[in-house]
Amino acid sequence: MKAASLSYAAAASATDAVRMLSSPEAKVIAGGQSLGPILNLRLARPSGLVDVSRAADLRAVTETPDAVHYGAAVTHAEMEDGVVPDATPGWMQTVARRIAYRAVRNRGTIGGSLAHADPAADWVNALTALDASVVLTRSDAERTVKLEQFFTGPFATVLAADEIIARVIVPRRTLQARWAYWKFCRKTGEFAKASAAVLLDPARNQTRILLGAIERPPVLLPDAEAIMTGSITPARAVACAAPELDAASAAMHAAALTRALAMVAA
Amino acid sequence: MTRIHLRINGREQSGDAEPRTHLADFLREEMNLTGTHLGCEHGVCGACTILIDGRPARSCITMTAACQDADIRTIEGYLDDPVMAALRASFKKHHALQCGFCTPGMLATAFDIVTRLPDADEARIREELAGNLCRCTGYAGIVAAIKAVLSEGVPAPAIRPIKRVALAASAEASPAIATSSAPPTGAVEPTASLEGGVTLSRNVAIAVSADHLWRELKDIQRVAAALPGAAIDTVTPDGHVKGSFTVAIGPMRASFGGNAHVIYDDASRSGLVRGSGGDRLSRSMAAGEVRFAVTPAGAGHAMLAAEIVYRLSGPLAQFGRGAVVADIVDRLLQQFTANIATLAQGGAVSEKPQGGFGLFAAAILSMLRRLLRRGQRRDQR
Ligand SMILES: Cc1cc2nc3c(=O)[nH]c(=O)nc-3n(C[C@H](O)[C@H](O)[C@H](O)COP(=O)(O)OP(=O)(O)OC[C@H]3O[C@@H](n4cnc5c(N)ncnc54)[C@H](O)[C@@H]3O)c2cc1C
Ligand code: FES
Ligand code: FES
């Protein structure tokens, strides 16, 4: 099937994009790698598309001593290739390489992934575990929201209709920190069936354990320390954090968590 | 129409494209370059993979308008590239194609592998090929062909990646986006059946008498008001309702127009709403039933039990992933029972679907989940 009729305009900057979004039925398009299929099936029928994929400021990356600020339109492939700096010791690069296929990564963007808020998406889970934030822009204001507070449900975020993700702020991590992200999928390049991430950063005094791909926003597990020491088993942690999962899915999540824990211990 | 300028297979070309046209359609329909194949149009099968600015991309989910001034290479334009020549010979030698449907996409991906990953071993080649499906060869010949080119030495490519140029911030004022009228909905013959539908239920205790709550439920307009996303056009005295239900799931939106029948049984203070409808634009169908019953629950309280059964078919059913559904269905059922409670106690509820999630979204998603599960089972067979 083909997309329903719509108008199209390319934004040259975030400000430009926000201005063009003032029409209520207009929608942002970045790489189109999630929106494209939905448009083709006519499951989304925006009256217009505002293309942010070539907006100069949304393609820019800036570095501060403490973090890297990625423009929302940076692609997965640019992360994979190291064309943009990695705020972590190569961890984001590894996450990027496992997203979909190269042909999709060449166009799909980090901001598009987060805005789409698919609970199984890799950036949704990995960047939440990494304590990243997004900078959201609208005509009169800018706000910074931690990813933990950004996702409100499956495919749902705090983004207002006339608001866009401008940047993603990822705190720097050093080699003293340890990290694991485990994604289960039946076929290379698929969305995760289950995922787990573990971050141990003594320098920032952070221990974060995340359960993802649970068809709602990821959860950061309470009692991370107890899970690390083994006094709470992965199966128990999964059962407490996501009691709604059926037995097979819970087992897969417990296995993902077990593997992630083993990776940071190794 | 948007005027598109592209460099296609080394030649500067211009053409008019409707803004909604994806690149594969533009190449095939406007440029007569039918070597680019379309399989799924979802980004999954890889048949449409071409080189945009020297990098493989899915032409089925790339908007033509987003490629303004880009360099496009399709199967018709690989002749003068030495790497492509080597791949072509190797594909032939290793029997890497049978029907050839996947081959244009396979070559674009193979080009990317041998130029970007000169040290790729067989495992990596297979990993990189995961996004290109072939129904004929079993992949062994394709992997062998790529391996052979890598081991025999990859010639210098003529096609090279080009940096994506950002638009100058001072670009001419971009045209404003037009606002469309409400999405059209139309009657589609309801054919969906509830067999195999998903059932979910919720009970809520409300601080009003059972009789009061029952009177509330007998007002169809008020019941509809409690269903976010529902709109009633006409109601006949015998309970036949014409109306629509709008659902939003992330960027997905469907508006189902159709008919429903409401049946009340005063003796048992129970009833049901059975309805079905279609979304003309996405050609998705939905059918569902809500059963409700009121029972006294101690001094001044009544218990409302609501159960929902839904089934969805068509593209919306095929697209989403199953497990998202339950969460939203449950949320919406909760919203419905909470709204009924508010109305019964004299409060007002917002008419708009909350946060874009109509109650029907729940329904649709639940049906969606069911269908997806069945789809997966079919795949496994
Ligand atoms: C076959 C296939 C397999 C895939 N597998 C995976 C996978 O394994 N893991 C994974 O994580 N992803 C996967 N994806 C999705 C892919 O990563 C997408 O690139 C990504 O989800 C969306 O990014 P995009 O730039 O293409 O966004 P688009 O599709 O352009 O947009 C997606 C949504 O985000 C909104 N949006 C985009 N940019 C902004 C912004 N700056 N501000 C506000 N809203 C914005 C749009 O309005 C739209 O609603 C897959 C996709 C395909 C086609
Ligand atoms: S047709 Fe484009 S990926 Fe299948
Ligand atoms: S050769 Fe027939 S699909 Fe690959």
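The values are calculated or read from the model by the stated rules, or taken from the named source; none is laboratory data. This one's a predicted model, so the numbers in the text were calculated from it and none came from an experiment. Neighbour counts run over all protein chains shown; Cβ positions are idealised from the backbone, glycine included. Accessible surface areas use protein heavy atoms only, side chains included; no ligands, DNA or RNA. Shrake-Rupley method; radii C 1.70, N 1.55, O 1.52, S 1.80 Å.
For the range B:44-77, which residues drop by 50 square angstrom or more in accessible area between the chain on its own and all protein chains together (1.4 Å probe)?
B:Arg58, B:Ile61, B:Met63, B:Ala66
How big is the dipole moment of the protein assembly as shown about its Cα centre under a simple scheme where the beta carbon of each Lys and Arg is +1, that of each Asp and Glu is -1, and everything else is neutral? Debye, nearest 20, please.
1180 debye
Considering only the other residues whose Cβ falls under 13 Å of the Cβ of B:Leu51, what net charge follows from Lys and Arg at +1 and Asp and Glu at -1?
Surrounding charge for B:Leu51 is +3.
Given the alpha-carbon gyration tensor of the range B:12-94, what are the semi-axes of its equivalent ellipsoid in whole angstrom, ordered largest first, with each equal to the square root of 5 times an eigenvalue?
23, 15, 11
Rounded to whole Å and sorted largest first, what semi-axes of the equivalent ellipsoid does the C-alpha gyration tensor of the range A:51-210 yield via the square root of 5 times each eigenvalue?
Those come to 22, 19, 16 Å.
In chain A, which whole DSSP H runs stretch at least 15 Å along their own axis (Cα) and average -1.0 or higher on the Kyte-Doolittle scale?
TM-like helix candidates: A:247-265.
Charges on Cβ only, +1 for Lys and Arg, -1 for Asp and Glu, centred on the Cα centroid of the range B:1-164; of B:Thr62, B:Ala140, B:Ile75, which one is farthest towards the dipole's positive end?
The one lying farthest along the dipole's positive direction is B:Ala140.
Summarise the accessible area of the protein assembly as shown (1.4 Å probe, protein heavy atoms) by the percent that is carbon and sulfur.
53 percent
What are the ³J(HN,Hα) values, in whole Hz, obtained from phi via the Karplus relation 6.51 cos²θ - 1.76 cosθ + 1.60 with θ = phi - 60°, for each residue of the range B:296-302 in sequence order, with x given for Gly and Pro?
With the stated coefficients, the range B:296-302 comes to x, 9, x, 3, x, 10, 9 Hz.
Got a sec? Which residues of the range B:4-38 lose 50 Å² or more of accessible surface with every protein chain in place, vs. that chain alone, 1.4 Å probe?
The answer is B:Pro19, B:Arg20 - residues whose exposure falls by at least 50 Å² when every protein chain is included.
Can you give the calculated 222 nm mean residue ellipticity of chain A, where each DSSP H run of n ≥ 4 adds -39,500 (n - 2.57) and the sum is split over every residue, rounded to the nearest 500 deg cm²/dmol?
Rounded to the nearest 500, the figure is -8000 deg cm²/dmol.
If you wrap a convex hull around the alpha carbons of the range A:1-109, what volume per residue comes out, as a whole number of Å³?
Roughly 105 Å³ of hull volume per residue.
Over all directions, how big on average is the projection of the convex hull of the alpha-carbon atoms in the range A:157-234, in square nanometres?
For the range A:157-234, the mean projected area of the Cα convex hull comes to 7.6 nm².
Please report the net charge: other residues with Cβ closer than 14 Å to the Cβ of B:Gln98, K and R +1, D and E -1.
Charge balance in the 14 Å sphere: +2.
Give the value in nm², to one decimal: projected area of the alpha carbon convex hull of the range B:210-278, averaged over all directions.
Averaging across all directions leaves 5.1 nm² for the Cα convex hull.
Only Lys, Arg, Asp and Glu count, each charged at its Cβ (+1, +1, -1, -1), so figure out the dipole size of the range A:178-265 about its Cα centre, rounded to 20 debye.
Result for the range A:178-265 is approximately 280 debye, rounded to the nearest 20.
I'd like the FRET efficiency for B:Asn259 and A:Glu190, computed as 1/(1 + (r/R0)^6) with the beta carbon distance as r and R0 of 41 Å, rounded to 0.05.
The computed FRET efficiency comes out at 0.55.
Could you work out the local net charge near A:Ala103, counting Lys and Arg as +1, Asp and Glu as -1, over the other residues with Cβ closer than 11 Å to its Cβ?
+3
For B:Val165 and B:Asp238, compute 0.36 nm times the residue count separating them, minus their Cα-Cα distance, and round to one decimal in nm.
19.9 nm
Considering only protein heavy atoms, what per residue accessible area in square angstrom results for the range B:1-120 with a 1.4 angstrom probe?
Accessible area per residue: 38 Å².
Provide a list, ordered by number, of residues in the range A:95-130 showing at least 10 Å² less accessible area with every protein chain present than when their chain is taken on its own, using a 1.4 Å probe.
Flagged in the range A:95-130: A:Arg97, A:Arg98, A:Tyr101, A:Arg102, A:Ala103, A:Val104, A:Arg105, A:Asn106, A:Arg107, A:His116, A:Asp118.
Keeping all protein chains in place, calculate the accessible area per residue for the range A:178-265 (probe 1.4 angstrom), answer in Å².
So the range A:178-265 comes to 45 Å² accessible per residue, rounded to a whole number.
Order A:Tyr8, B:Tyr264 by their accessible area, 1.4 angstrom probe, all chains in place, largest first.
B:Tyr264, A:Tyr8
Give me a comma-separated list of calculated 3J(HN,Hα) values for the range A:82-93, in order, Karplus coefficients 6.51, -1.76, 1.60 applied at θ = phi - 60°, integers in Hz, x for any Gly or Pro.
The phi angles translate into x, 5, 10, x, 9, 5, 10, x, x, 5, 5, 4 Hz.
Before we go on, tell me the buried accessible area for the A/B pair, both chains summed, 1.4 Å probe, in Å² to the nearest 100.
5800 Å²
Over all directions, how big on average is the projection of the convex hull of the alpha-carbon atoms in the protein assembly as shown, in square nanometres?
31.1 nm²
Between the range B:19-87 and the range A:51-91, what is the C-alpha centre distance in whole Å?
Here the two parts' Cα centres lie 26 Å apart.
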